[in-house]
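To keep things clear, I will list the structure first and then write my remarks on it.
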Amino acid sequence: MIDLSTAKKFDQEDVLADFRNHFEHNPNEIYLDGNSLGKLPKKTQKVLQETIQNQWGKRLIRSWNETWLDLPLRLAKKYGTLLKVRKEEVVIGESTSVRLYQILHALIKSQAFSNQLCSDNLNFPTDLYVLQGLANEFNLGRVNLINYNQEIIADLDLLKKNVQNCPGIYCLSLVTYKSAFLYPMKELNLWAKKYNSIIIWDLSHAVGVVEIDLKETQSKIAIGCSYKYMNGGPGSPAFLFIEKKLQNQLYNPIQGWFGHKNPFAFEPNYKPNIGIIRFASGTMPVLSMQAMEVGVDLALAAGLKNLRKKSVGLIRFFLSGVEEKLIPLGFKIQSPLKENLRGSHLALSHNASWQICQALIEGESKSPKIIPDFRPPHFIRFGIAPLYTSYEDLYRVIIRLEEIILMKSYLMFDENKNKVT
Ligand SMILES: Cc1ncc(COP(=O)(O)O)c(C=O)c1O
């Protein structure tokens, strides 16, 4: 039975409990949208203030050599540590969408693989749009989009059959954005290799909550954002990993000066740098990178093993509450039940999903505001961020959901109103 004293006991035993104090929190609010935009670390405010007041305000142009030029390299090293690869295999900057465009463009041009572009219906729309755009640009025909006819679990047999019959360049989200389905990365990489294919892994929903070892899983290319569980702040830069062996046969389609072999020689002709730095293009967003560094430092200090363990524990606890109190009230679980097939958010649905989501966000005098998010057609996503989500938070969410249904308070919201959250 789910109860408050068990939740409190689990919180007391939590080895990561102190990390919650590193973040800003609103009073009387439970934030479960860290899978979309992570919370603000307290240190970020100090770091940005120092960057603005001293580095930009006083040191001005001198700050490039004193601090800023090293920043993306430092970040590459830290993300490399997180993903278990060398710093020479990671470059920081741009957005995930731009990174995907660059790397797809480079792979198509390289002709190292068949130019059939493929993905599945669980992938995030921006990835599908970028694939479609490049298929048009290079006249490659339609993107091969595998459709599992549902949005919770990938049919791995169908996916593998597809790779076998239709080798090419695949793009998959390691953890899917709606249901949090987690693909078996190594198994699929090996399968792709056997059939002359390559998988570009989008790690946006996985980094910071799933133990990822890009070397052990024999991954070749990965991209991802840093503003979800990595707490880098809104629009913080993406990362791109390219396996060392592949790097010098791939060319950045955006030949900016930061990817030049010698950017400060100001030569008239472009010469790509050796290695992954050729995937840099223009001047980096220093403020965003400073914020990004605080986020990755926190994840490294907590340790991925601990983060994953806590995420699994929190979701197990949450699920026990869902099964005990919410399934009888008409809720359905829209995420994989097996831990090894799931990332760090849990999706639920109900006939009145959107209205329930609004009632959670609104709160009421005796109940906290609870911030999940809604994804059509009926997914209420609860992001479990192990750096700051507590067992007590999740206990309160279960009780509040039960109350919203029993009191019918969700009926205050008209389903036909504005559905955009
Ligand atoms: C899997 C995935 N890829 C990409 C993005 C967005 O990328 P960008 O940073 O380019 O907006 C998201 C955003 O939620 C995402 O979930």
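The values are calculated or read from the model by the stated rules, or taken from the named source; none is laboratory data. In this text the structure is predicted, and so the values were computed from the model without any measurement. Reconstructed Cβ throughout: ideal geometry from the backbone, glycine too, with neighbour counts over all protein chains shown.
When the test is whether a residue is within 13 Å of the ligand (Cβ to nearest atom) and either over 10 Å from the mean Cα position of the chain (by Cα) or closer than 16 Å to residue 383 by Cβ (or both), residue 217 does not pass it.
Residue-by-condition table, conditions (1) surrounded by fewer than 16 Cβ atoms within 10 Å (Cβ to Cβ); (2) out of contact with any helix residue (DSSP H, G or I) (no Cβ under 6 Å at 6 or more places or on another chain); (3) outside the structural domain of residue 273 (by TED's automatic domain parsing):
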| site | (1), (2), (3) |
| --- | --- |
| 91 | no, no, no |
| 103 | no, yes, no |
| 109 | yes, yes, no |
| 117 | no, no, no |
| 120 | no, yes, no |
| 134 | no, no, no |
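Looking across 262, 306, 269, one residue alone is farther than 17 Å from residue 75 by Cα and in contact (Cβ under 8 Å) with a residue 24 or more places away in the chain. It is 306.
Number of residues in segment 369-421 that are crowded, with 18+ Cβ neighbours inside 10 Å and touching an Asp or Glu at 6+ places or on another chain (Cβ under 6 Å): the value is 6. Taken as a whole, the condition of being without any contact (Cβ under 8 Å) to a residue 40 or more places away in the chain, in a helix (DSSP H, G or I), away from the ligand (no atom under 16 Å from the Cβ) and not basic (Lys, Arg) does not apply to residue 82. In summary, residue 87 fulfils each of the numbered conditions (1) more than 16 Å from the ligand (Cβ to nearest atom); (2) within 18 Å of residue 285 (Cβ to Cβ) with the single exception of condition (2).
Each row is one residue, and each column tells you yes or no for (1) touching a residue at least 40 places away in the same chain (Cβ under 8 Å); (2) within 16 Å of the ligand (Cβ to nearest atom); (3) surrounded by 22 or more Cβ atoms within 10 Å (Cβ to Cβ); (4) more than 27 Å from residue 33 (Cβ to Cβ).
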site: 149; (1), (2), (3), (4): no, no, no, yes
site: 153; (1), (2), (3), (4): yes, no, no, no
site: 156; (1), (2), (3), (4): no, no, no, yes
site: 159; (1), (2), (3), (4): no, no, no, yes
site: 169; (1), (2), (3), (4): yes, no, yes, yes
site: 175; (1), (2), (3), (4): yes, yes, yes, no
site: 180; (1), (2), (3), (4): yes, yes, yes, no
site: 188; (1), (2), (3), (4): no, no, yes, yes
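Give the residues of segment 233-247 that are surrounded by 16 or more Cβ atoms within 10 Å (Cβ to Cβ) and either assigned to a loop (DSSP other than H, G, I, E, B) or in contact with a His (Cβ under 9 Å, 6 or more places away or on another chain) (or both), sorted by residue number. Break it down stepwise before answering.
Taking segment 233-247 as the starting set, the residues that turn out to be surrounded by 16 or more Cβ atoms within 10 Å (Cβ to Cβ) are 233, 236-243, 246-247.
Passing the criteria: 233, 236, 237, 238, 243.
Across segment 370-388, the number of residues qualifying as outside any loop (DSSP other than H, G, I, E, B) and without any contact (Cβ under 8 Å) to a residue 40 or more places away in the chain comes to 1.
Among the residues in segment 229-241, are any away from the ligand (no atom under 16 Å from the Cβ) and in contact with a Phe, Trp or Tyr (Cβ under 6 Å, 6 or more places away or on another chain)?
Checked against the condition, which is being away from the ligand (no atom under 16 Å from the Cβ) and in contact with a Phe, Trp or Tyr (Cβ under 6 Å, 6 or more places away or on another chain), segment 229-241 yields no hits at all.
Of the residues making up segment 263-299, those that are closer than 30 Å to residue 40 by Cβ, small (Gly, Ala, Ser) and outside any loop (DSSP other than H, G, I, E, B) are 288, 291, 295, 299. Select from segment 253-262 the residues that are in a loop (DSSP other than H, G, I, E, B) and touching a helix residue (DSSP H, G or I) at 6+ places or on another chain (Cβ under 8 Å) and write down the one among them that is nearest to the ligand (Cβ to nearest atom). Looking at residues that are in a loop (DSSP other than H, G, I, E, B) and touching a helix residue (DSSP H, G or I) at 6+ places or on another chain (Cβ under 8 Å), I get 254. For segment 196-214, the set of residues classified as assigned to a loop (DSSP other than H, G, I, E, B) and within 16 Å of the ligand (Cβ to nearest atom) consists of 203, 204, 205, 206, 207, 208, 209, 210, 212, listed by residue number.
Checked against (1) under 21 Å from residue 106 (Cα atoms); (2) within 16 Å of the ligand (Cβ to nearest atom); (3) part of a loop (DSSP other than H, G, I, E, B); (4) not aromatic (Phe, Trp, Tyr), residue 250 passes all but a single condition, namely (2).
So that you can scan it fast, the table gives a plain yes or no per residue for (1) more than 16 Å from the ligand (Cβ to nearest atom); (2) in a helix (DSSP H, G or I); (3) under 19 Å from the mean Cα position of the chain (by Cα); (4) within 14 Å of residue 221 (Cβ to Cβ):
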residue	(1), (2), (3), (4)
97	no, yes, yes, no
122	no, no, yes, no
126	no, yes, yes, no
129	no, yes, yes, no
139	yes, no, no, no
145	no, no, no, no
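Residue by residue, here is whether (1) under 28 Å from residue 41 (Cα atoms); (2) among the aliphatic types (A, V, I, L, M) holds:
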residue	(1), (2)
344	yes, no
349	no, no
357	yes, no
369	yes, no
378	no, no
388	yes, no
397	yes, yes
409	no, no
415	no, no
